[in-house]
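The values are calculated or read from the model by the stated rules, or taken from the named source; none is laboratory data. Since we're looking at a predicted model, the values are computed, not measured. Because the Cβ atoms are built from the backbone with ideal geometry, glycine has one as well, and the counts that use them run over all protein chains shown.
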Amino acid sequence: MARLLDGVLEATVVGSFSRVGYLARRATQGWGDPPRLEGKVLVVTGASSGIGRAVALALGRLGAEVWVLGRDAGRTEAVAQAIRAEGGLAEAALVDVADGSAVDAFAERFASARGRLDGLVHGAGALLRDYALSAGGCELTVATHVLGPFRLTWRLAPHLQRARPSTIVTVSSGGMYTERFDLDRLEMDREHYDGVRAYARAKRAQVVLAREWSRRWSAQGVASYAMHPGWVDTPGLASGLPSFSHLGSLLRRPEEGADTAVWLSAGAARPVTDEGTAGSPPDEDGFWHDRRHRGEHYLPWTRPRHGEAEQGRQLWQWCAVRTGLGSDP
Ligand SMILES: NC(=O)c1ccc[n+]([C@@H]2O[C@H](COP(=O)([O-])OP(=O)(O)OC[C@H]3O[C@@H](n4cnc5c(N)ncnc54)[C@H](OP(=O)(O)O)[C@@H]3O)[C@@H](O)[C@H]2O)c1
C-alpha cells in the first residue's frame with residue numbers, strides 16, 4: 001500500500017515534490033531516525049542558509065562534528081554556534097565553492113585539522129538569473145554546481161577513503177529532469193545564457209558526476225548519492241524562482257527538504273557487507289528523493305545516447321582539465 005501511494009505521488013509531480021509527498025511518505029513508510037553519528041566528521045557546503053543549514057543542524061543533532069561552510073561570515077558562524085548551543089561540535093569555514101583557491105585553502109586547513117572525513121554534503125547552489133564568470137573564468141552556474149564540487153571532492157577524497165565507509169551527498173534538483181546531459185551545452189556563453197536552463201543542466205551534470213564518484217570509489221568504501229529535495233521554502237527559492245511562493249503551504253520546510261540528504265549522509269541507504277566497509281554499486285547509489293531511489297529520466301529525450309558510464313567519464317575528464325587537477329586524487 002505504501003509503495004502504491006509512493007508510485008501515485010511520484011507520477012504526479014506536484015504530489016511528489018510538494019510537502020504533501022513528504023508528509024504522506026513519512027506517515028506511510030515507517031521512517032525512523034537516521035543512525036547516530038558520534039565520532040563522525042562531516043563537511044556541509046551551502047550551510048549558511050536554507051536546506052544546507054537544515055542539513056548541518058540535523059547532522060549536529062545526530063552527534064556528528066560538522067564543518068559548516070558558507071560565504072557570509074555572520075550567517076555561517078551563527079549556524080556553527082547553533083550546533084554548539086545544542087551541545088554539538090561545529091567548525092565554521094568561509095568558502096566560495098566557485099573559487100578554486102578558496103576551495104584549496106579550505107582543503108589544506110581541513111587536512112591539518114582532521115585526517116579523516118566521514119561525509120561530504122554538496123549543498124551550495126543557486127539559480128543565477130544573470131550571466132557571470134567565476135574567478136577562474138568559468139560561467140558561474142557551472143563553476144558553483146559542477147567544478148566547485150569536483151575540486152572540493154577531489155581534494156577531500158583521500159580523507160573520505162581513509163574514513164571508509166564514507167558518503168558523498170549532492171543536493172541536485174528535480175529541475176534536472178527537464179534537461180539531458182550534453183557536455184557541449186553545459187557551459188553557456190553570455191549571448192545564449194538562460195539561468196533556468198543553465199541551472200537544470202548543471203543539476204543534471206551533478207547527478208552524472210555523483211554517479212562517476214560512485215563508479216570510481218565505491219570499491220574503496222565511498223558511497224556517492226545525488227538527491228533532490230522537492231520544492232522547499234528557502235531564501236534561494238524565493239530569489240531564484242519567485243513564482244513558487246504562490247505554492248504557499250505546499251512548499252516543504254527546510255528540514256523536510258533536508259531529510260533525505262541527512263538520512264543518506266548517515267549511511268542509512270548503505271548495504272551491509274561482510275567487511276562492513278564497501279560502498280554500494282553505482283546503480284544503487286544513483287538519484288534519491290524522500291528516502292527512495294528514483295529514476296533519473298521522466299522524459300524520453302533526456303536519456304543518454306551513449307550510456308551513462310560514458311557520460312561520467314566525459315564529465316570527469318572535462319572537469320579534470322578545467323580545474324587543472326590530474327585525473328586522480
Ligand atoms: N529550495 C528548493 O526548492 C530547491 C529545490 C531543488 C534544489 N535545491 C538546491 O538545494 C540547495 C540549497 O538551496 P536552498 O534552496 O537552500 O537555497 P539558499 O537558502 O539560498 O541556500 C543556498 C546556499 O548555497 C550557498 N551558495 C551559493 N553559491 C555559493 C558559492 N558559490 N559558494 C559557496 N556557497 C554558495 C549560499 O550561500 P549564501 O547564503 O552566501 O548565498 C547558501 O548557503 C541548492 O543546491 C539548490 O540548488 C533547492
Residue check for residue 76: hydroxyl-bearing (Ser, Thr, Tyr) and farther than 19 Å from residue 114 by Cα: yes
Residue match in region 42-61 (condition: more than 10 Å from the ligand (Cβ to nearest atom) and surrounded by fewer than 16 Cβ atoms within 10 Å (Cβ to Cβ)): no
Qualifying residue in region 310-328 (condition: modelled with pLDDT of 95 or more, basic (Lys, Arg) and buried (at least 16 other Cβ atoms within 10 Å of the Cβ)): yes
Residue within region 188-199 that is of a type outside the set (Phe, Trp, Tyr), part of a helix (DSSP H, G or I) and away from the ligand (no atom under 13 Å from the Cβ) present: yes
Residue that is farthest from residue 117 (Cα to Cα), among those in region 62-73 that are of a type outside the set (A, V, I, L, M) and within 11 Å of the ligand (Cβ to nearest atom): 72
Subset of region 172-187 that is over 20 Å from residue 129 (Cβ atoms) and among the hydrophobic types (A, V, I, L, M, F, W, C) - its residue that is farthest from the ligand (Cβ to nearest atom): 183
Cβ-Cβ under 9 Å pairs, at least 6 apart or on other chains, region 81-95 side in contact (Cβ under 8 Å) with a residue 40 or more places away in the chain, far side among the aliphatic types (A, V, I, L, M): 95/69; 95/102; 95/103; 95/105; 95/124; 95/152
Hey, residue 116 in the same structural domain as residue 230 (by TED's automatic domain parsing) and in a loop (DSSP other than H, G, I, E, B) or not: yes
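Residues are listed down the side, and each one gets a yes or a no for (1) touching an Asp or Glu at 6+ places or on another chain (Cβ under 6 Å); (2) modelled with pLDDT of 95 or more; (3) buried (at least 24 other Cβ atoms within 10 Å of the Cβ); (4) assigned by TED's automatic domain parsing to the domain that holds residue 27:
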residue	(1), (2), (3), (4)
210	no, yes, yes, no
214	yes, no, yes, no
220	no, no, no, no
234	no, yes, no, no
242	no, no, no, no
259	no, yes, yes, no
276	no, no, no, no
279	no, no, yes, no
Residue 14, sole failed condition from (1) surrounded by fewer than 17 Cβ atoms within 10 Å (Cβ to Cβ); (2) touching a residue at least 40 places away in the same chain (Cβ under 8 Å); (3) assigned to a loop (DSSP other than H, G, I, E, B): (3)
Tally, over region 119-147, of residues that are more than 12 Å from the ligand (Cβ to nearest atom), within 15 Å of the chain's Cα centre (by Cα) and either not assigned by TED's automatic domain parsing to the domain that holds residue 43 or not small (Gly, Ala, Ser) (or both): 1
Meets criteria (surrounded by 22 or more Cβ atoms within 10 Å (Cβ to Cβ) and either within 16 Å of the ligand (Cβ to nearest atom) or free of Cβ contacts under 8 Å to residues at least 12 places away in the same chain (or both)) for residue 166: no
